[in-house]
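Bear in mind these aren't lab numbers, they're just calculated from the coordinates by the rules spelled out. Being a predicted model, the structure only gives us computed values, none of them experimental. Here the Cβ positions follow ideal geometry from the backbone for every residue, glycine too, while neighbour counts run over all protein chains shown.
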Amino acid sequence: MATKKASSRKSSRRKYSKGASKSVESAMRRRKKGTLRRGKSGHGGKVKSRKQAIAIGLSEARKKGAKVPRPKK
């Protein structure tokens, strides 16, 4: 019984905000479409990696002020 309460409490705390997930969704769509590019100016080439697309989406969300944890260093 105690484990069920602990798991429900843990699920109520969100690691990422809804805005962050929207940003990641948008980045994933742009990756599939072929318009997501690397680098600040976008001259780095197309992003093909799924992980890279997620990282770009989270970075954009951070810039917008969404609740996203700091990247690990």
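Figures for the structure shown
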{"item": "Nitroxide proxy distance, nm - points 7 Å out along Cα→Cβ at Ser26 and Lys63", "result": "1.0"}
{"item": "Tyr16/Lys46 FRET efficiency (R0 30 Å; Cβ-Cβ; nearest 0.05)", "result": "0.75"}
{"item": "Peptides ranked, highest mean first, by Cβ atoms within 10 Å: ranges 49-62, 29-42", "result": "49-62, 29-42"}
